[in-house]
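> Got a structure here, written out as C-alpha cells. Questions coming.
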Amino acid sequence: MNMLKKYPGLMQFLIKTFLVIFIFFIVRSGTSLFLTKTLFYKKYLSITQEFYLYHGADFNLIVQAILFVVIAFIIYNKDKLKNLRTYTISKKQAIIFFLIAILFLVLHYYLKYYIKSNMDYALQHNLLFAIIKLSINILFIVFIALAVYNVAFIKDFIKEYKKSLFVFSLIGILYFIAISLFQKLWFFFSTIVTKALYFLLSLSHKNITISLANKDGPLLGVKDFIVSIGKPCSGVDSMLLFASLYAMIFVIDRDRINKKRMLLLFLPGLIGIFLFNILRVYLLMLIGIHYDAQFAVGLFHQNVGWVLFIVYFAVFYLVFKNYLYAKKEASL
C-alpha cells in the first residue's frame with residue numbers, strides 16, 4: 001500500500017503489464033479451449049503443431065524468452081521505473097484497440113481454416129504461412145498492449161527506454177538460443193518428474209500406468225488419462241529461467257549484494273523451482289483424472305506454469321531480499 005502511494009506510476013505500469021499478459025493468455029487459451037471441443041474445429045481448423053515449426057523454433061521457448069526479457073527489464077530498470085508518471089486511461093481508445101486485437105484473433109483462426117482447406121498449397125509454402133501466423137500473433141499482442149497502456153504511454157516509454165529495449169531484445173534472442181541448447185537435458189529431468197509423480201499419485205490412486213521407455217517422454221496416467229511427461233513438463237525451462245534471472249540480479253547489484261549468501265541460496269532456490277514444477281504437473285494430473293482431460297492439457301497446462309513461476313520467483317526474492325542485500329557478512 002505504501003509503495004502504491006509512493007510510486008503510483010510504477011504500480012500502474014506493473015498492473016497493466018500483468019493485465020496484458022493475463023488478457024493474452026485468457027483470450028487466446030479460452031478461445032482455443034472452447035473451439036477445440038467443437039466438431040467444427042476438428043473438421044475445419046485442426047492442424048498439427050508440427051506444421052508451424054521451422055528451423056527448430058518452439059512457441060513455448062519463445063514465450064519463455066519474452067517472459068525472461070520482461071522480468072529482467074523490470075529488475076534492471078527498477079529504480080528508473082519508480083519515476084514513471086501515471087497516464088489517464090481512454091475507454092474509447094481501449095475499446096477500439098481491443099476490438100482490433102480480436103479481429104487479429106479471428107484472422108488467426110481464418111488462417112487455420114485456409115490452411116486446412118488448401119493443405120497441399122500450404123505445405124509448399126510452409127515458411128510463408130508460419131511467418132504470417134507469427135505476424136498475426138504479434139499484432140494481436142501489440143493491440144492488446146495498446147488497449148491497456150494507451151498510445152501516449154507507449155510513445156513516451158519507447159522514447160525513454162529505446163536503448164534498454166534494444167539491448168534486452170538482443171538478450172532475449174541469446175536466451176532463446178541458450179534454452180534451445182539446454183532443452184537437450186529434458187528427458188533426464190522428465191524421468192525424475194515422472195517417478196516423483198508416480199509416488200504422489202500412488203498415495204491416493206490405483207491402476208497407475210507408467211513407462212520410462214517412450215522416446216517422446218515418459219508416460220504416466222491413471223485409468224484412461226495417460227499423458228507424456230515431455231519437454232514442457234520437465235522443469236528445464238523454469239530452472240534456466242530462474243538461474244538466468246538470479247544471475248542478472250547478481251550482475252546488476254553485484255556492488256550491493258552479499259555474494260556468499262547469494263551463492264548459498266542459489267541451489268535451494270533452484271531445487272525449489274523444480275519442486276514447484278512437480279507440483280504443477282501433479283495438479284495437471286489431478287485435474288485431468290477427476291475433472292477434464294482437455295482442460296488439463298490445454299488451458300491449465302499452458303498457463304499455470306508461468307503463473308506459478310512468477311509467484312515463486314516474486315516470493316523468493318521478497319523473502320530473501322533483506323538477507324541478500326545485508327551489508328555485513330554472515331552465515332546461514
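The values are calculated or read from the model by the stated rules, or taken from the named source; none is laboratory data. Just so it is clear, the structure is predicted and the values come from calculations on it, not from any experiment. Please note: Cβ atoms are built from the backbone with ideal geometry, for glycine as well, and neighbour counts cover all protein chains shown. SASA here: full protein model, heavy atoms, side chains in, ligands and nucleic acids out. Shrake-Rupley method; radii C 1.70, N 1.55, O 1.52, S 1.80 Å.
> What is the dipole size for the chain, taken about its Cα centre, with +1 at each Lys and Arg Cβ and -1 at each Asp and Glu Cβ, in debye to the nearest 20?
Working: 35 positive and 13 negative charges, 202 e Å.
Computed charge dipole of the chain: roughly 980 debye.
> Over the chain, what percent of the accessible surface lies on carbon and sulfur atoms, probe 1.4 Å?
Details: 13270 of 19150 Å².
Reported share for carbon and sulfur atoms: 69 percent.
> Shifting gears a bit: If I take all pairs of Cα atoms in segment 113-249, what percentage of them are more than 17 Å from each other?
Values: 7047 of 9316 pairs.
Cα-Cα pairs of segment 113-249 separated by over 17 Å account for 76 percent.
> So what is the accessible area of the chain per residue, in Å², with the probe set to 1.4 Å?
Values: 19150 Å² over 332 residues.
I get 58 Å² per residue for the chain.
> Give me the number: length gained by fully extending residue 31 to residue 212, i.e. 0.36 nm times residue separation minus the C-alpha to C-alpha distance, one decimal in nm. Don't skip to the answer; put the middle values down first.
Numbers: separation 181, 0.36 × 181 = 65.16 nm, distance 3.39 nm.
So the extension gain works out to 61.8 nm.
> Find how many whole Å separate the alpha carbon centroid of segment 67-98 from the alpha carbon centroid of segment 192-254.
33
> Cα to Cα, under 24 Å, and not fewer than 8 places away if on the same chain: which lysines meet these conditions relative to residue 37?
The qualifying lysines are 112, 116, 133, 223.
> Take residue 135 and residue 106, extend 7 Å from each Cα along the Cα→Cβ direction, and tell me the distance between the two endpoints in nm.
Distance between the two pseudo-spin positions: 2.0 nm.
> Computed over the Cα atoms, what is the radius of gyration of segment 135-210 divided by 2.2 N^0.38 Å, N being its residue count? The partial results should precede the final answer.
On the way: Rg = 21.7 Å, N = 76, 2.2 N^0.38 = 11.4 Å.
Segment 135-210 yields a ratio of 1.90.
> Another question, then. Express the relative contact order of the chain as a whole percentage, based on alpha carbon pairs under 8 Å and six or more residues apart in sequence. Could the numbers behind the result be given before it?
Details: 304 pairs, mean separation 59.4, N = 332.
Relative contact order here is 18 percent.
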